[in-house]
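Below: the structure, in structure tokens.
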Amino acid sequence: MKLKHLLATLAAAAVLAFTAPVMQAMADDDPGPAAYEQAMKGKRVALVPLAMGFDLAQGWAAILKREVEGFGGTFETRDPNWSTEAGAQAITELISSENKPDVLIVMAFDLNSYSKLLKKAQAAGIYVILIDNPANFKADAYVGGDWTKLGMLEAEAVIKGCGENSSKKIGLVQGDEVNATSLYQYAGIMKVLDQHKDFQVVAKPDSNWDATTSRNVTATMLQQNPDICGIIDFWDGDATGAAAAIRDAGKQGKIFLVTTGGGEETNTCANVGNGTFDAVVSTELYNESEAMVAMIKYLLQSGQPPGTASPYIYTLMSTVTKDNLTPRSCWSLKALQAAAEAK
């Protein structure tokens, strides 16, 4: 038995001695890292949001900068500062520059303003990713929220917040009449309200995404409809104005205020925690940013011409209220930016 065991051991050792160099050679010859570096190194990525002065744009930029520079590329931003004309000029300059970007990430102001320019970018060999705001344009990817579904979640939240024993009168503070997020959000709200005929929208002014305008139109709404039970403001950036009008009217805690945002802690969690907002339908910035990074890496390695495919990558959404608020409900812009600088 001992001899038999010894022979088996020697045979196993011989097999290992033969296969180990083969396995080592296979590991050494992995083509992935070299192909990845060749496709990614030196590539340029540019972000053109609505403006750089708000949490979502700053959060995206912090993650994208870290990732793009991490794979040996160059990342830059252009700040239209809420101007469609300035955004169009920035995109035009990027397309025509000698060192044009390989990937252009754009947050469109409305459905149509940038469409011709973005087609021109693709014709120049630039991949185009639309972020958060859909447009009438076949982008190489759309990454962001499903705004119809988001509006449905807002409507469900305000119906629950008002309750069966309320006036069942709802006010909407829309963004504008051309931005896709406003149009689709409204469509989602109405889909739900069509199933709850006892609830009615008694006012639906536009804020033009401005907090002061939101405050003024909400004050008028409350004067004309003092028994409103709930208000949906289409963005947390101007919903602070609606909240101020509710406080001015002495109705905080009596009117259920719902809005949407990107989940940044000083906007979403702080305002839900202190009662400024009763509910925020929030997108997940980390998942959204990681989806953008994955698309950038895929497109740069794909070899496909810009405009070949047009996938939709929707991010998860959740309704944040005091009842489910936790430290993990939000993200910190300050921490994100610190991490990007400390890479």
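The values are calculated or read from the model by the stated rules, or taken from the named source; none is laboratory data. Fair warning: this is a prediction, and the values are worked out from it, not measured in the lab. Heads up, the Cβs are rebuilt from the backbone with ideal geometry, glycines too, and the neighbour counts pull from every protein chain shown. Each accessible area value is taken on the protein alone, full model and side chains, heavy atoms only, with ligands, DNA and RNA left out. Shrake-Rupley method; radii C 1.70, N 1.55, O 1.52, S 1.80 Å.
Below is a table of values for the structure above.
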{"quantity": "Separation of alpha-carbon centers, region 302-328 and region 76-101, rounded to whole Å", "calculated": "25 Å"}
{"quantity": "Gain in span if fully extended, K254 to T266, counting 0.36 nm per residue against the direct Cα distance", "calculated": "2.0 nm"}
{"quantity": "Probe 1.4 Å - accessible area at Y286, Å² to nearest ten", "calculated": "100 Å²"}
{"quantity": "GNM result for the chain, Cα springs below 10 Å: residue of V201, V280, V143 fluctuating most strongly", "calculated": "V201"}
{"quantity": "Residues K41 and K100, FRET efficiency given R0 of 22 Å [Cβ-Cβ distance, rounded to 0.05]", "calculated": "0.80"}
{"quantity": "Choice from F137, F75, F54 showing the highest fluctuation, given a GNM over the chain with Cα pairs closer than 10 Å", "calculated": "F54"}
{"quantity": "Where only alpha carbons of the chain are counted, the Rg and the Dmax (Å)", "calculated": "25.7, 100"}
{"quantity": "Theoretical ellipticity at 222 nm over the chain - DSSP helices of four or more residues, -39500 (n - 2.57) apiece, nearest 500", "calculated": "-15000 deg cm²/dmol"}
{"quantity": "Accessible surface ranking that places the most exposed of Y184, Y127 first, with a 1.4 angstrom probe", "calculated": "Y184, Y127"}
{"quantity": "The chain, dipole about Cα centre (Lys/Arg Cβ +1, Asp/Glu Cβ -1), debye to the nearest 20", "calculated": "640 debye"}
{"quantity": "Zone residues, region 275-294, relative to L316, backbone N less than 15 Å from point 7 Å out along Cα-to-Cβ", "calculated": "282-291"}
{"quantity": "Rounded if a/c under 1.5, otherwise prolate or oblate - region 98-245, Cα gyration tensor axes", "calculated": "prolate"}
{"quantity": "Label point distance in nm, A86-A34, each placed 7 Å from Cα along Cα→Cβ", "calculated": "4.7 nm"}
{"quantity": "Gyration tensor (alpha-carbon) shape descriptor, region 267-343, a/c threshold 1.5", "calculated": "oblate"}
{"quantity": "Percent accessible area from carbon and sulfur atoms, the chain, protein chains only, probe 1.4 Å", "calculated": "54 percent"}
{"quantity": "Three-way shape call for region 160-307 based on the alpha-carbon gyration tensor, with the a/c threshold at 1.5", "calculated": "prolate"}
{"quantity": "Accessible area (Å², per residue) of region 183-317, counting only protein heavy atoms and a probe of 1.4 Å", "calculated": "43 Å²"}
{"quantity": "Estimated dipole of region 201-343 in Debye, rounded to 20 [Cβ of Lys and Arg +1, of Asp and Glu -1, Cα centre]", "calculated": "120 debye"}
{"quantity": "Cβ crowding within 10 Å averaged over residues, with 55-67, 78-90 ranked highest first", "calculated": "55-67, 78-90"}
